[in-house]
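Okay, so here's the structure we're looking at.
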Amino acid sequence: MAIIKTESLTYQYSIGTPFEKTAIDNLNLEIEEGAFVGIIGHTGSGKSTLIQHFNGLLRPTSGKIYVDGKDIWEDKNQIRQVRFKVGLVFQYPEYQIFEDTVYNDIAFGPKNMGLSDSEIRERVYEVASMVGLSEEQMNKSPFALSGGQKRRVAIAGVMALRPKVLILDEPTAGLDPKGRKEILSEICKYHKYTGCTILLVSHSMEDVAKIAQKILVMNDSRVFCYDTVKNVFKRADELQRIGLSVPQITRVCMQLREKGIPLSDDIYTVEEAKRQILELYNKKRGRESC
């Protein structure tokens, strides 16, 4: 079943002015419940505008958005409930921290849901543990933490809502390789633990290739493709023609194929490249020894 569905979704900025622009153009899409979807696209492709429609931050110029089978704009008074169901973590979320303690910042969303103190406490400590925050840090000021820890606090605050859909817009932007790896690992653990749908916007093809199950490619305000990771990166030539990069190992294998080495056209991890190259090498050695 689709947890998110759009029908002829269109969004235009600055209608009736010289700056009028169509950011989303007649988009039809279904995202399966429980999926881990990477969203990629060049700057201006429409991906950030799209995700802001999923929890009602933007209202379509035309078309409809369904979350869990319901038109989210059927009753605009219910849009607040949609935002509890579809959690959105903006790029550089640490700039949204404002409470006096880590605990209170993570608890802010659950408090607004009207939950009991015991339920709030349970949720806060559950997600804090998931993102690698210690119990000792709960009473500290979030502003005394490192950049990576602040980001964990902000992400945990959205996770504490227990949304059915968690959307993260460039959650590793600006982090060093170690911090990026840790954040992505924690997001994967959260997905495995909760089974919720995760949409991850990223410019890193390597990150998307490693952790996503499917990829949504946006181009010029429309869906270029939405498919499994393997099938998307089989179209590496097309992705590069629309201005997107592909994983480095995919580019290396493309060059090897051009030199006559018969590797498959759907390699996007080092492990798979290694497996196929060793297989070809062992076959060659076997023929030479006969």
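Could you grab me the full set of residues in the range 29-45 that are touching a residue at least 40 places away in the same chain (Cβ under 8 Å) and among the polar types (S, T, N, Q)? If the condition is that a residue be touching a residue at least 40 places away in the same chain (Cβ under 8 Å) and among the polar types (S, T, N, Q), then SER45 is the only one that fits. Would you say ILE277 is in the same structural domain as TYR13 (by TED's automatic domain parsing), more than 30 Å from LYS21 (Cα to Cα) and at pLDDT 90 or above? So ILE277 does not fit the description; no.
Filtering the range 234-290 to residues that are among the small types (Gly, Ala, Ser) and closer than 24 Å to SER204 by Cβ leaves ALA236, GLY243, SER245, SER264, ALA273.
Would you confirm whether any residue within the range 5-16 is more than 18 Å from SER221 (Cα to Cα) and without any contact (Cβ under 8 Å) to a residue 60 or more places away in the chain? Yes: one or more hits. Apart from one condition, ASN104 fits all of (1) in a loop (DSSP other than H, G, I, E, B); (2) under 26 Å from ALA173 (Cβ atoms); the exception is (1).
Scanning the range 22-48 for residues that are within 18 Å of GLY243 (Cβ to Cβ) and either in contact with a strand residue (DSSP E or B) (Cβ under 7 Å, 6 or more places away or on another chain) or buried (at least 19 other Cβ atoms within 10 Å of the Cβ) (or both) yields a total of 10. Check ILE15, ILE72 and return the single one that is surrounded by 16 or more Cβ atoms within 10 Å (Cβ to Cβ) and not hydroxyl-bearing (Ser, Thr, Tyr). So the residue among ILE15, ILE72 that is surrounded by 16 or more Cβ atoms within 10 Å (Cβ to Cβ) and not hydroxyl-bearing (Ser, Thr, Tyr) is ILE72. When restricted to residues that are in contact with a Lys or Arg (Cβ under 7 Å, 6 or more places away or on another chain), part of a loop (DSSP other than H, G, I, E, B) and not hydrophobic (A, V, I, L, M, F, W, C), the range 61-94 contains 1.
Can you confirm whether LEU184 is out of contact with any His (no Cβ under 7 Å at 6 or more places or on another chain), farther than 20 Å from GLU99 by Cα and either not in a loop (DSSP other than H, G, I, E, B) or not assigned by TED's automatic domain parsing to the domain that holds PHE90 (or both)? So LEU184 fits the description; yes. Residues in the range 133-170 that are more than 18 Å from GLN91 (Cα to Cα), within 17 Å of the chain's Cα centre (by Cα) and free of Cβ contacts under 8 Å to residues at least 60 places away in the same chain: ARG162 only.
The condition of being within 27 Å of LEU50 (Cβ to Cβ), of a type outside the set (Ser, Thr, Tyr) and free of Cβ contacts under 8 Å to residues at least 40 places away in the same chain holds for only one of LYS192, LYS111, that being LYS192.
For the range 259-269, the count of residues that are in a helix (DSSP H, G or I), surrounded by 13 or more Cβ atoms within 10 Å (Cβ to Cβ) and not assigned by TED's automatic domain parsing to the domain that holds SER204 is zero.
The values are calculated or read from the model by the stated rules, or taken from the named source; none is laboratory data. All values reported here derive from a predicted model rather than from experimental measurement. A quick note on method: Cβ atoms are made from the backbone with ideal geometry, for glycine too, and the neighbour counts reach across all protein chains shown.
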